[in-house]
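The values are calculated or read from the model by the stated rules, or taken from the named source; none is laboratory data. The structure presented is a predicted model; accordingly, all values stated were derived computationally and were not measured. Cβ: placed from backbone, ideal geometry, glycine included. Neighbour counts: every protein chain shown.
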Amino acid sequence: MIIGGAAGAAIGGPIGGLLGAAAGIAVERGFVTPVLAANTENDASRGVAFTVAVIALSAKMAKADGTVSRDEISAFRERVHIPPSEVPQVGRFWDLARQTKEGYEGYATQVARMFSPRAPALEQLLDLLFHIAGSDGSLTAPEIEYLARVSEIFGFTEEDFHRWLALHGDEGPRPWDVLGVDPAIPDDELRTHWKALVRDHHPDKLIADGIPEEFVAAANDKLARINAAYDSMMRSRGLSGAPTGGAG
């Protein structure tokens, strides 16, 4: 289950506040104390905290330009597997996050503290937010501002952010933008970089880092795009691309 019985864990911060609001109980807001931060190291609590942060940030992303479209909700469900029995619960969290005065920066800051800066799990979450923002057409100025601020909170650089803008632009992604490399990178460095990306973004690795299994579909999609981009660059050079199944 996406939230499950661990929803009552004393996670604290804006995430704990949203959990408390959903449960109809008062939870102290404010950011994570050392005790509460340690609590999110528990696999169940960490998974719940990440899930709630994803829902909250996605809901506030959809609202960033003032309206929430069906395309944006569908985009969320494309990347996040929600069991039918959990749809009402996720919908309740989505609506609460959309309505609360708690700003998106609080959720972003709290989930960022669960990982190291620029961690693949955070990149996975940011990629989801880009996917939602672009689902109803071109990115709007408020959406770009939202994404840029979340990217900054997650520890990514301006260069990282502009690469993601290119990835989700109207012209479509270029393979070197997907991989985050210079188009002229030497073959051996390209292969080494690709292998590192496959290792870091493999669903098993992300789950081990605390991403719940409901996000495996998004992780598989990301890995497929990495492999396709590498394959495209290598074949354009007359070399063999990614073997079936990932890095070999």
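List of remarks:
- So VAL178, is it touching a residue at least 40 places away in the same chain (Cβ under 8 Å), closer than 28 Å to SER74 by Cβ and under 15 Å from the mean Cα position of the chain (by Cα): no
- Restricting GLU123, GLU105 to residues that are assigned to a helix (DSSP H, G or I), farther than 26 Å from GLY20 by Cβ and either at pLDDT 85 or above or not polar (S, T, N, Q) (or both) narrows the list to GLU123.
- From ASP204, ASP221, ASP136, residue being charged (D, E, K, R) and exposed (fewer than 13 other Cβ atoms within 10 Å of the Cβ): ASP204
- Check on ILE132, outside any helix (DSSP H, G or I) and closer than 30 Å to ARG199 by Cβ: no
- Answer from ALA21, ALA38, ALA26, ALA44 - the residue that is in a loop (DSSP other than H, G, I, E, B) and either at pLDDT below 80 or of a type in the set (S, T, N, Q) (or both): ALA26
- Restricted to segment 1-18, and to residues there that are at pLDDT 75 or above and not aliphatic (A, V, I, L, M), the residue that is farthest from MET114 (Cα to Cα) is GLY17.
Let's see how each residue does on (1) of a type in the set (A, V, I, L, M); (2) touching a Lys or Arg at 6+ places or on another chain (Cβ under 8 Å); (3) within 30 Å of SER85 (Cα to Cα); (4) at pLDDT 80 or above:
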| residue | (1), (2), (3), (4) |
| --- | --- |
| PHE161 | no, no, no, yes |
| GLY172 | no, no, no, no |
| LEU179 | yes, no, no, yes |
| LEU239 | yes, no, no, yes |
| ALA242 | yes, no, no, no |
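- Within segment 178-208, tally of residues that are in a helix (DSSP H, G or I) and either under 15 Å from ASP231 (Cβ atoms) or in contact with a strand residue (DSSP E or B) (Cβ under 8 Å, 6 or more places away or on another chain) (or both): 10
- Residue in segment 193-213 that is modelled with the highest pLDDT, counting only those that are among the charged types (D, E, K, R) and over 17 Å from LEU122 (Cβ atoms): LYS195
- Restricting attention to segment 85-102, the residues being charged (D, E, K, R) and part of a helix (DSSP H, G or I) number 4.
- Residue that is farthest from GLU78 (Cα to Cα), among those in segment 123-173 that are within 15 Å of the chain's Cα centre (by Cα) and of a type in the set (Val, Ile, Thr): ILE153
- If you go through segment 221-242 and keep only what is within 22 Å of the chain's Cα centre (by Cα) and either of a type in the set (Asp, Glu) or part of a loop (DSSP other than H, G, I, E, B) (or both), you end up with just ASP221.
- Matching residues in segment 43-71 - criterion: being out of contact with any Pro (no Cβ under 6 Å at 6 or more places or on another chain), of a type in the set (A, V, I, L, M) and either surrounded by fewer than 22 Cβ atoms within 10 Å (Cβ to Cβ) or in contact (Cβ under 8 Å) with a residue 40 or more places away in the chain (or both): ALA44, VAL48, ALA49, VAL52, ALA53, VAL54, ILE55, ALA56, LEU57, MET61, ALA62, VAL68
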